[in-house]
Amino acid sequence: MKKNEKGITSEKDEFSEWFTQIMLKADLADYSSVSGMIVYKPGAYAIWEKIKEEVDKRFKKLGIQNVYFPLLIPERLFDKLKKHTEGFKPEVAWVTEAGDSKLSERLAIRPTSETIMYESYSKWIRSWRDLPLKYNQWNNVVRWEFKHPVPFLRGREFLWNEGHTVYATQKEAEAEEDKIIGIYKEVCEKFLALPSLIGRKSEKEKFAGAEYTVSMEFFMPNGKAIQGPDFHHDGQHFAKAYGIEFLDKDEKKKYAWQNTFAITTRMLGVMFAVHSDDKGLILPPKVVSNKVVIVPILFEDSKEKVLKGAREIESKLKKYGAILDDREGYKPGNKFAEWEMKGIPIKVEIGPKDILKKEVVISRRDTGEKNSVKLKDLDKFISRVLEEIQEGLFKRAKKLLYDNIVEAKDLKGIQKAVENRKIAFSPLCSDIVCEDDLKVKTGAKVLNIPRNQPAKLGDCAVCGEKAKYWAYVGKSY
């Protein structure tokens, strides 16, 4: 492709500039006047709505109900569990004034909602009959700790779900992990066409205030890992801090057991980055409303015939959200480039010769492959190709992930993996001092620890003492 100002002028290897151009030129988002806070335009927001829809209907099957809690959190509530709030304090934005008056108490702009939700939970939960309590909210949060925000991937404001569930027993609470991670995994794989590495976070990297965190880690084309959806088993830490206790069947007062979990708009950025190319967006068909665009090739002497044929095709392909691009004043080449940039999975071309042959030309966005298809076979052909695109993108993303994992049994091996923009799979001892040392010497951190472990653990790659587990290690957003 000849590169120009309308197209992408950077290659995918120049990741930062390439990703910015994808965002702006594919009309996904725009910068706002507040650093780190972007405008989600319809193309991106519609995909977020699809993610919400698929996750939410699965939540509802588990009996999880949606609620909404205030955006602002009084400082006295925010400070109840120091272990949790100290992890967030550096990134909290505060409201201190209303109009011309100073507030008597600072109000935190929600970085996460545990502190305000659990005040209510402590009032609502009195008996074992009130459990389990399974609430979720879809909202926005603000986190202000970093200097270099990256649109979609690391912003100061983002959208997410935050699930907050409460159980009478530890066993019930921990049993929820597989169900929630299973939902996130299914949506990421089946809809976003994104595979991940699933495992527990190390003690150093787990969510502040949690007993343990289970995360899904994704591999980006620039060699960095990025954390996606996660699940936190919070044990009784919050219950004890906020007085969430109940009278059990044995007439004894007990503290509840809690979980939290989330998926965010970060997944949009991961999907755009993993699948797209130097020509623009490539989108998995299952997440886009408009899977097909029809571009008529118009000449004055056959214009009406071709437009009539194009409209008939549009009507037949309504179930795919087909768009008919009959705009005047635009050459077909310009239209092709625009829809290629925006990642519409299938392009249908129809001109006067195609009308005579009762066929069209089909182009795939993922491979660029073209086929002439008879009109009578069009629906069946498109249905099959959309499935092929969806499956092909997942297979390609899976290959990208696993081709970039290398075994590294010592620090030198980890350093080499990081330099080559790969993820290392390494034995570690679980000592936080070793994790700090790892970060200093390689710039990488522990991403997570998979459930299925090698038979032989060996020695820690950092200190040489006996390893406790093998973990994925890499540079991360």
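State, to one decimal in nm², a quarter of the convex hull surface area for the C-alpha atoms of segment 80-143, i.e. the direction-averaged projected area. Write down the numbers at each step before the final one.
On the way: hull surface 24.3 nm².
Over every viewing direction, the Cα hull of segment 80-143 projects on average to 6.1 nm².
So for the chain: antiparallel DSSP bridges make up what percent, rounded to the nearest 5?
On the way: 68 of 82 bridges.
Given both bridge residues lie in the chain, the antiparallel proportion sits at roughly 85 percent.
Label Leu247 and Glu312 with points 7 Å out from Cα along Cα→Cβ: what is the distance between them in nm?
Inter-label distance under the simple model: 7.5 nm.
Looking only at Cα atoms, what is the convex hull volume of segment 277-326 per residue, in Å³?
On the way: hull volume 3.6 nm³, N = 50.
So the per-residue Cα hull volume is 73 Å³.
List the relative contact order of the chain as a percent without decimals, with contacts defined as Cα pairs under 8 Å and 6+ residues apart.
It comes to 14 percent, rounded to a whole number.
For segment 8-119, what is the charge dipole size about the Cα centre, in debye to the nearest 20, if Lys and Arg each add +1 at the Cβ and Asp and Glu each add -1 at the Cβ?
Details: 17 positive and 19 negative charges, 122 e Å.
Using Cβ point charges on Lys, Arg, Asp and Glu, segment 8-119 gives about 580 debye.
Hey, any idea what Rg/Rh is for segment 280-391, computing Rh the Kirkwood way over Cα pairs? Before the final figure, lay out each step's value.
On the way: Rg = 13.0 Å, Rh = 13.9 Å.
Computed over Cα atoms, the ratio is 0.94.
So what J values fall out for segment 125-141 if you push phi through Karplus, 6.51 cos²θ - 1.76 cosθ + 1.60 with θ = phi - 60°, rounded to Hz, Gly and Pro as x?
9, 10, 10, 4, 5, 7, 10, x, 10, 10, 10, 9, 10, 9, 7, 10, 9
Could you tell me the distance between the Cα centroids of segment 295-373 and segment 1-80, to the nearest Å?
30
Which distance in nm do the two modelled labels at Lys441 and Met37 give, with both placed 7 Å along the Cα-to-Cβ direction?
4.3
Compute the label zone of Tyr68 within segment 149-176: residues whose backbone N is under 17 Å from the point 7 Å along Cα-to-Cβ.
Only 158-163 fall inside the zone, counting backbone N under 17 Å.
Would you please classify the overall shape of segment 194-286 from the alpha carbon gyration tensor, given that a ≥ b ≥ c denote the square roots of the eigenvalues, rounded means a/c under 1.5, and beyond that prolate means a/b larger than b/c while oblate covers the rest? Working shown, then result.
Numbers: a/c = 4.23, a/b = 2.83, b/c = 1.49.
Verdict is prolate for segment 194-286.
Answer with one residue from Ala262, Leu428, Cys188: the one whose Cα lies farthest towards the positive end of the charge dipole of the chain, charges on Cβ with Lys, Arg +1 and Asp, Glu -1.
Going by the charge dipole, the pick is Cys188.
Given an 8 Å cut-off on Cα distances and at least 6 residues of separation, report the relative contact order of segment 387-477 as a percent.
Values: 152 pairs, mean separation 28.2, N = 91.
Computed over segment 387-477, the figure is 31 percent.
Post the alpha-carbon centroid distance, segment 134-165 to segment 424-477, in whole angstrom.
About 28 Å separates the Cα centre of segment 134-165 from the one of segment 424-477.
May I have the extent of the alpha carbons of segment 421-460 along their three principal axes, as whole Å values ordered from largest to smallest?
Largest first, segment 421-460 extends 29, 24, 15 Å along its Cα principal axes.
Go through Lys185/Lys399; Lys286/Lys374; Lys279/Lys308; Lys57/Lys171; Lys171/Lys240; Lys89/Lys468 and tell me which ones have a Cα-Cα distance over 22 Å in this structure.
On the way: Lys185/Lys399 17 Å; Lys286/Lys374 25 Å; Lys279/Lys308 31 Å; Lys57/Lys171 25 Å; Lys171/Lys240 18 Å; Lys89/Lys468 32 Å.
Over 22 Å apart, Cα to Cα: Lys286/Lys374; Lys279/Lys308; Lys57/Lys171; Lys89/Lys468.
Per-residue counts of other Cβ atoms within 10 Å, averaged by peptide: what ranking do you get for 281-290, 244-253, 39-48, highest first? Before the final figure, lay out the partial values.
Working: 281-290: 21.8, 244-253: 12.6, 39-48: 17.0.
The densest-packed peptide leads the list: 281-290, 39-48, 244-253.
Give me the distance in nm between label points sitting 7 Å out from Cα along the Cα-to-Cβ direction at Lys57 and Ser16, one decimal.
About 4.1 nm separates the two model spin labels.
Once you've got the Cα coordinates, tell me which of Lys61/Lys291; Lys291/Lys316; Lys445/Lys475; Lys416/Lys475 are over 18 Å apart.
Lys61/Lys291
Taking the Cα centre of the chain as the origin and placing charges on Cβ (Lys, Arg +1; Asp, Glu -1), which of Ile405, Phe69, Ala93 is farthest toward the positive end of the dipole?
Toward the positive end, the furthest listed residue is Ile405.
Arranged from highest to lowest average of other beta-carbon atoms within 10 Å per residue, in what order do the peptides 297-307, 260-270, 168-178, 107-117 appear?
Numbers: 297-307: 13.8, 260-270: 23.8, 168-178: 15.6, 107-117: 22.2.
In decreasing order of mean packing, 297-307, 260-270, 168-178, 107-117 become 260-270, 107-117, 168-178, 297-307.
Give me the extension gain from Asp379 to Gln170: residue separation times 0.36 nm, minus the current Cα-Cα distance, reported in nm with one decimal. If you can, show how the numbers build up before the last one.
Numbers: separation 209, 0.36 × 209 = 75.24 nm, distance 5.14 nm.
70.1 nm is the gain from fully extending Asp379 to Gln170.
Quick check on segment 136-228: what are the equivalent-ellipsoid semi-axes from the Cα gyration tensor, as sqrt(5λ), descending, whole Å?
Values: eigenvalues 113, 63, 44 Å².
Working through the eigenvalues yields semi-axes of 24, 18, 15 Å.
Rg and Dmax of segment 382-477 over Cα atoms: what are they, in angstrom?
Cα only, segment 382-477: 16.3, 57 Å (Rg, Dmax).
Can you tell me the length gained on complete extension of the stretch Glu369 to Glu304, counting 0.36 nm per residue apart and subtracting the Cα distance?
Details: separation 65, 0.36 × 65 = 23.40 nm, distance 2.85 nm.
Between Glu369 and Glu304, full extension yields an extra 20.6 nm.
Within segment 313-387, which trypsin sites (Lys or Arg not before Pro) sit in a loop by DSSP and count at most 13 neighbouring Cβ atoms inside 10 Å?
Values: sites: Lys316, Lys318, Lys319, Arg327, Lys335, Lys342, Lys347, Lys353, Lys357, Lys358, Arg364, Arg365, Lys370, Lys374, Lys376, Lys380, Arg384; in loops: Arg327, Lys358, Arg365.
Within segment 313-387, the qualifying trypsin sites (Lys or Arg not before Pro) (loop, at most 13 other Cβ atoms within 10 Å) are Arg327, Lys358.
Can you put Val385, Val361 in order, fewest other beta carbons within 10 Å first? Walk me through the numbers before you get to the answer.
Working: Val385 23, Val361 17.
Ranked by crowding around the Cβ, least crowded first: Val361, Val385.
What number, in percent, do you get for the relative contact order of segment 201-260 if the mean sequence gap of Cα pairs under 8 Å and at least 6 apart is divided by its residue count?
Values: 91 pairs, mean separation 16.2, N = 60.
Averaging sequence separation for qualifying contacts and normalising by length gives 27 percent for segment 201-260.
Give or take rounding to whole Å, what are the principal axis extents of the alpha carbon atoms in the chain, in descending order?
Principal-axis extents of the chain (Cα, largest first): 85, 54, 50 Å.
Each reported figure results from applying straightforward, stated rules to the coordinates on display, with no laboratory input. Remember, it's a predicted structure, so these values are computed and weren't measured experimentally. Please note: Cβ atoms are built from the backbone with ideal geometry, for glycine as well, and neighbour counts cover all protein chains shown.
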